[in-house]
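See structure below.
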Amino acid sequence: QVRLGKSKDRLGKNNNIMSDKSDDVIPYSEILEYLNKKTGRSFRNVEANKKLIKSRWNEGYKLEDFKTVVDNMVSNWSGKMFNGVPAENYLQPKTLFSNKFDSYLNQLPRIEENNSRQTYDDLGLPF
């Protein structure tokens, strides 16, 4: 009998030959460098930060998801205050890469309002 995609290791345990999330190389440095670039901070590639990133990675999130969360929350929290504390203080791995990650990923980034009044024609095009 042939089993596609499965084999046994030397201990007799089933292994999936196909790519598995745990086999992916987690780009810890790239994620933290992106966060640092966007926030002007200098979070390091230490175990506490890596643990948070690995947890989300193992849930199936990828590099672009981490970048989207950083972009969304930098946009939404910049210039805001939370209980008298600048919201930028919360732009850090333990907040962004926590169990609220999916919520942050699905937030819409804040769009700056343009104070100029644009006139539009019948087709909705500006003149």
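Expressed as a whole percent, the accessible area of the stretch 67-114 that falls on carbon and sulfur atoms is 50 (1.4 Å probe).
When each of the peptides 72-80, 40-48 is scored by how many other beta carbons lie within 10 Å of its residues on average, the order from highest to lowest is 72-80, 40-48.
The values are calculated or read from the model by the stated rules, or taken from the named source; none is laboratory data. The structure displayed is predicted, hence computed values, not measured ones. FYI the Cβ positions are ideal-geometry reconstructions off the backbone, even for glycines, and counts take in every protein chain you see. Side chains are part of the model used for accessible areas, which takes the heavy atoms of the whole protein and leaves out ligands, DNA and RNA. Shrake-Rupley method; radii C 1.70, N 1.55, O 1.52, S 1.80 Å.
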